[in-house]
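What follows is one structure encoded as structure tokens, with my remarks underneath.
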Amino acid sequence: MGNLMSINGLRKSWTKHRQLKRPWQAHTYIAIDIETTGLDPINDQILSIAWVPVKPPMILIGEAQYHEFCIGSDVDLQQSPTIHGLTKAQLSSGGDVKKVLKDLEDKLYGCVMVCHHRSLDWSYLRYNGLTKNLHFEPLGVFDTLSYEKNKMSFDNNCQLNNSRLTLSACRSKYGLPNYTSHHALDDAIACAELFLAQATKIKPFNEKLGFLLKQSR
């Protein structure tokens, strides 16, 4: 059994290695946004989640998914509706979060996850109690925030601050329109558009997926 697991692991590693050498335009991306009760992926709850597939140069809006989830009566939403716009009334009849997350697990396999703030969204998928028995295995994660932060760090005339790294602020640099913030579906689509704008700016001499992903680490 141990040898079989080792062989399977090597096969997966080799397959991923080959995929990373393909042009980034040849892959499918899943842009994701998660709205939560807080910033702690272990103890806070997921309120809503949305994702939209991207097959460059197209964003497949017709295949987008948006889900709100039931929450416990002990969850305090007194302040958070001012951020994500969700209330207990909206969330009282939400969908089956475990089924939705299982669907997302299947959707991400073999694709590239795109998000704006990897340390939050990716952490919720990996460490939240609802994802305990799930294994999200995208080819990689492209963080539109980190990509922009890396660009700014090379500009000696540019001062890094959080206000310049919001999804809206990053989009404005590429002439993208301003959307309503902190609604999961709007933000997932906004993130997808920003990703395409960023990716197409990368110098054409190296269009491999592995190179693209390195730009957002």
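The values are calculated or read from the model by the stated rules, or taken from the named source; none is laboratory data. Computed from a predicted structure; not experimentally measured. All Cβ positions, glycine included, derive from the backbone under ideal geometry; neighbour counts span all protein chains shown. Ligands, DNA and RNA are stripped out before the accessible areas are found, and what is left, the full protein with its side chains, is counted by its heavy atoms. Shrake-Rupley method; radii C 1.70, N 1.55, O 1.52, S 1.80 Å.
Worth a mention:
- Selection within segment 25-44 - buried (at least 19 other Cβ atoms within 10 Å of the Cβ) and in contact with a Phe, Trp or Tyr (Cβ under 8 Å, 6 or more places away or on another chain): TYR29, ILE30, ALA31, ILE32, ASP33, ILE34, THR36, PRO41
- Where helices (runs of 4 or more DSSP H) fall wholly inside segment 138-217, the ranges with 2 or more residues that are among the charged types (D, E, K, R), at pLDDT 95 or above and under 30 Å from ASP103 (Cα atoms) are 184-199.
- Test: residue in segment 131-143 that is surrounded by 20 or more Cβ atoms within 10 Å (Cβ to Cβ), farther than 26 Å from ARG22 by Cα, in contact (Cβ under 8 Å) with a residue 24 or more places away in the chain and hydroxyl-bearing (Ser, Thr, Tyr): yes
- Some residue of segment 173-193 being open to solvent by less than 70 Å² (accessible area, probe 1.4 Å) and closer than 17 Å to GLN25 by Cβ: yes
- Considering segment 1-112, the qualifying helices (runs of 4 or more DSSP H), each wholly inside and each with 1 or more residues that are within 30 Å of LYS203 (Cβ to Cβ) and at pLDDT 90 or above, run over 2-20, 97-108.
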